[in-house]
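Take a look at the structure below.
None of the figures in this text is laboratory data; all of them are computed from the coordinates on show. Everything numeric here is computed off the predicted structure, so don't read it as measured data. Here Cβ is always computed from backbone atoms with ideal geometry, including for glycine, and neighbour counts include all displayed protein chains.
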Amino acid sequence: LKDQLAANRDQPAVTSDGQSLELLANINSAADARAAVAMGASGVGLFRTEYIYLTHPDIPDEEEQLAAYREVIAASPAKTVTIRTLDIGGDKTVPYLGHTHQEANPFMGWRSIRLSFEHPEFFTTQLRAILRAAADIQPGEGRVRLMFPMITTIEEVRKVRAMVHKASEQLKADGKAQGAVQLGMMLEVPAAAISINDMLPLVDFVSIGSNDLVQYLMAADRDNPKVSHLCQPLAPPVLRVLANVIKACNKAGKPLTLCGEMAGQPRAFVLLFAMGLRSFSMSPAFIPSMKELAAHLSEPIAKQILRRAMTLRTTASVKRFMAEELGKIA
Ligand code: PEP
Ligand code: MG
């Protein structure tokens, strides 16, 4: 198995009909970035910065954050990293940012970018540290992208852009080096999926956060086993929304990744590929098997499977059908 892993690690992800796929890793730390290299990821599609904060007793200052981002960039495959700003709240809280009392609906409450907006000085510190860390990338060497979680409205996209611009101007005035970064949004709130065409002109790239998108579409908590039968990425309404978003991004020529758990699940992977997705970000451990699956996939066959799957009306029938089809592919 080790030999097989090593052989497959250096192979690009290509389908049987020659289409190149981008298989990226989701990471929490520099150690995970090294695992991403070992598993053959071509880059990091989601660096969850929460862990820098959760493992720190108070707000990490700009220099501490800069050191953490630099370490992750240096350890990542091809120095290619999409860094997501703090996505705290919901299931994860940090008392020093004002999370002192329990909210009645934490996943629909004061989390993520909403919290960052209420702490502009702290948010700006994170933006400055990321822009400075991006200066480590030499031309032609890699890529740092900056991504914002839980984007719900167009005003929020405008606001983050303005804040990044301001942080960048500050750095210039301070004489600090900074790198060029692309700005993108996570698409994980149904409202954003519905307004995707209005949001696309304002962002450089999009990444679908299917873990949250599914829980919000189905109104079923992603962490509550009592409703896990509802929180299903293969539910027909979820598939319809995903197909629309992928189509809209491809039509507009905007780079699109999906970085939720379903990116590493074979049944979902086939359907997403057929919908036109070409970039998948997942736990490093799933990358070798998705590369293997990709090698057995072709677009015409995947599209045929998708057409049939989209006619099915229940999650159970989609799951059953996909299990049968996967049996034929791999
Ligand atoms: C998601 O919501 O799908 C996602 C990738 O982000 P997180 O799991 O950190 O919320
Ligand atoms: Mg999310």
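Quick notes
- Between helix 120-133 and the chain there is an angle of about 70 degrees, using the helix long axis and the longest principal axis of the Cα atoms.
- Theoretical FRET efficiency, 1/(1+(r/R0)^6), r = Cβ-Cβ of GLU63 and SER168, R0 25 Å, to 0.05: 0.85
- Residue-by-residue Karplus 3J(HN,Hα) for segment 227-239, coefficients 6.51, -1.76, 1.60, Hz, glycine and proline x: 10, 5, 5, 8, 7, 10, x, 8, 5, x, x, 5, 4
- Across segment 149-163, computed HN-Hα scalar couplings (Karplus, 6.51 cos²θ - 1.76 cosθ + 1.60, θ = phi - 60°) run x, 6, 5, 10, 10, 5, 4, 5, 5, 4, 5, 5, 4, 5, 5 Hz from first to last residue, x flagging Gly and Pro.
- Highest-first arrangement of 223-232, 63-72, 281-290, 142-151, where packing means the average Cβ count within 10 Å: 142-151, 281-290, 63-72, 223-232
- Report note on the peptides 133-140, 83-90, 252-259: ranked by the mean count of other C-beta atoms within 10 Å, highest first, their order is 83-90, 252-259, 133-140.
- The amide H of ILE88, built 1.01 Å from its N in the peptide plane, has SER112 as neighbours under 5 Å, considering only residues 5 or more places off or on other chains.
- Shape of segment 230-330, Cα gyration tensor, a/c cut at 1.5: rounded
- Net charge in the neighbourhood of ASN197 (other residues with Cβ under 12 Å of its Cβ; Lys, Arg +1, Asp, Glu -1) is +2.
- Put the Cα centre of segment 42-98 next to the Cα centre of segment 237-269 and the gap is 25 Å.
- If you take the alpha carbon atoms of the chain and fit the smallest convex hull around them, that volume is 138 Å³ per residue.
- Segment 154-276: C-alpha gyration tensor shape, a/c 1.5 cut-off, then a/b vs b/c: prolate
- With helices as the sole contributors, the chain gives -14000 deg cm²/dmol at 222 nm; each DSSP H run of n ≥ 4 counts as -39500 (n - 2.57), and the sum is divided by every residue.
- In this structure the amide hydrogen of ILE27, modeled in the peptide plane, comes within under 5 Å of the amide hydrogens of LEU46, PHE47, ARG48, none closer than 5 places in sequence on its chain.
- Percent of Cα-Cα distances greater than 16 Å, calculated over segment 277-316: 52
- Estimated FRET transfer efficiency when R0 is 22 angstrom, pair PHE122-ASP198 (beta carbons, to 0.05): 0.15
- Scalar couplings 3J(HN,Hα) for segment 256-261, obtained by applying the Karplus form with A = 6.51, B = -1.76, C = 1.60 to θ = phi - 60°, are 9, 10, 10, 10, x, 4 Hz; x denotes Gly and Pro.
- Using the Cβ-Cβ distance between ARG313 and ILE154 with R0 set to 25 Å, the FRET efficiency works out to roughly 0.15.
- For segment 131-171: rounded, prolate or oblate by the Cα gyration tensor [a/c cutoff 1.5]: oblate
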